[in-house]
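A short worksheet on the structure shown next.
The values are calculated or read from the model by the stated rules, or taken from the named source; none is laboratory data. Everything quoted here is computed from the prediction, not taken from an experiment. As a convention, Cβ positions derive from the backbone with ideal geometry for all residues, glycine included, and neighbour counts pool all protein chains shown.
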Amino acid sequence: MSTAPTTPVSPAPVWDVINGFTSYWALSTALDLGLFDALAKDVDSGTGLDAGQLAAAIGATEPGQVTVLAETLVALDLLSAAEDRFLLTPAAERFLVSTAPASMATLVRYSPGPPAAWPGLAETIRTGAPAPAVTAELAGLYPALVRATGPTQAGVATAVAAELERRGWWPEQPTIVDLGCGSGAWTTALLRSRPNGTAIAVDLPNVLPIAEQAAVDLGLGDRLIGVAGDYLEVPLPVSTADVVILAHVLRAEPAERARQLLARAVELAGANGVVVVVDYPRPDPARPRHDGDEDRNAVCTAARHELLLSLTMLASTAGLGVTVADLHAWAEAAGAELVDSFEPIPRQHVRLIRSRTPEATS
Ligand SMILES: C[S@@+](CC[C@H](N)C(=O)[O-])C[C@H]1O[C@@H](n2cnc3c(N)ncnc32)[C@H](O)[C@@H]1O
């Protein structure tokens, strides 16, 4: 009896995951060594540095070791190579040089959250919650984390102001409420676009001073009112706002608190304001398959970034991430609807939520 040849099963998906760990450390090490900054100093020459020059520039002893690291970064598309010289790729120049306006150099260190969250993840899933020490470590990391995300968020906020303007939803004297304001990147970018606007910026007591200081540094201090406390409960000095920002906060909250937070934002926005939600929604729950429906595997593969960020939340917070279905349901329960979504810069998904019964404006 002959048996049909079987297709060999490749271990590549498992190796890809193992290599994800080493890739992360290749990038972190290059940042620790100042490798991208060293190449940025030479960027005008356009010729790059060879391993000896690169070793000298970053204070390394062995050019051979630097070659292995640099060639790994070439394989990861973070450097390019021309003969025996190494150069920055456009992505490295824009996102990995520490002084670049859109630099993500510090974010690389803080984006995975507390390091102890990862070896503890199995226990978190067994018990249903991260260890208190992990949650406490995350609270201590927030100041560094929000500073690291500031440049990207300022870019998103500026694009959102332009979009609100285009829609006629950006009054000349807006009141802005920024719930979980972090570095103040959103508040300050929005205040800069409206010289007569005022903002209420809410965050935890150990983070709020960062936003307040950022506003002072930019000459906006007299137009920002800082409120320290839990964004779900702390009393605010206004009862309505033209624009309410929920940027990268919902996914870290358990579903019930996230629902209540969105409801608070919708109530503040009232009949004619807008709630701006920026997050990384993971795929909606599976629907019954029928002809023409997207394959669930394809949906998960496309949302790999969002799923991994949701797992990062699960590892160190009480949140699981959010889905677009959650946002629809929570908005609807609060008497509002998700009116539009757009991606002003890659991977930053913005959703606009408005009351279902806007007041007629004359
Ligand atoms: C991922 S950061 C986002 C910061 C900012 N919205 C941005 O997009 O740049 C989450 C922020 O929520 C704040 N936060 C977390 N829990 C909070 C709470 N219960 N009340 C107020 N702020 C909170 C954190 O301190 C942190 O600044």
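Suppose we filter region 243-255 for residues that are more than 7 Å from the ligand (Cβ to nearest atom) and either closer than 17 Å to Val324 by Cβ or out of contact with any helix residue (DSSP H, G or I) (no Cβ under 8 Å at 6 or more places or on another chain) (or both); how many remain? Here the count works out to 6. Does Gly182 satisfy the condition of being in a loop (DSSP other than H, G, I, E, B), outside the structural domain of Pro346 (by TED's automatic domain parsing) and in contact (Cβ under 8 Å) with a residue 40 or more places away in the chain? For Gly182, the condition - in a loop (DSSP other than H, G, I, E, B), outside the structural domain of Pro346 (by TED's automatic domain parsing) and in contact (Cβ under 8 Å) with a residue 40 or more places away in the chain - is not met. Would a scan of region 210-220 turn up a residue that is closer than 22 Å to Ala325 by Cα and within 10 Å of the ligand (Cβ to nearest atom)? For region 210-220, residues closer than 22 Å to Ala325 by Cα and within 10 Å of the ligand (Cβ to nearest atom): absent. Taken over region 196-206, residues that are more than 16 Å from Ala162 (Cβ to Cβ), more than 10 Å from the ligand (Cβ to nearest atom) and of a type outside the set (A, V, I, L, M, F, W, C) amount to 2.
Among (1) modelled with pLDDT of 95 or more; (2) in a helix (DSSP H, G or I), where does Thr149 come up short? Tallying (1) modelled with pLDDT of 95 or more; (2) in a helix (DSSP H, G or I), Thr149 fails exactly one: (1). Exactly one residue out of Ser316, Ser341, Ser310 is polar (S, T, N, Q), more than 15 Å from Gly270 (Cα to Cα) and surrounded by fewer than 20 Cβ atoms within 10 Å (Cβ to Cβ): that is Ser341. Checking Ala38, Ala26, Ala92 one by one, the residue that is part of a helix (DSSP H, G or I), crowded, with 17+ Cβ neighbours inside 10 Å and in contact with a Phe, Trp or Tyr (Cβ under 7 Å, 6 or more places away or on another chain) is Ala92 and no other.
Looking only at region 128-140, residues that are of a type outside the set (D, E, K, R) and buried (at least 17 other Cβ atoms within 10 Å of the Cβ) come to 3 in all.
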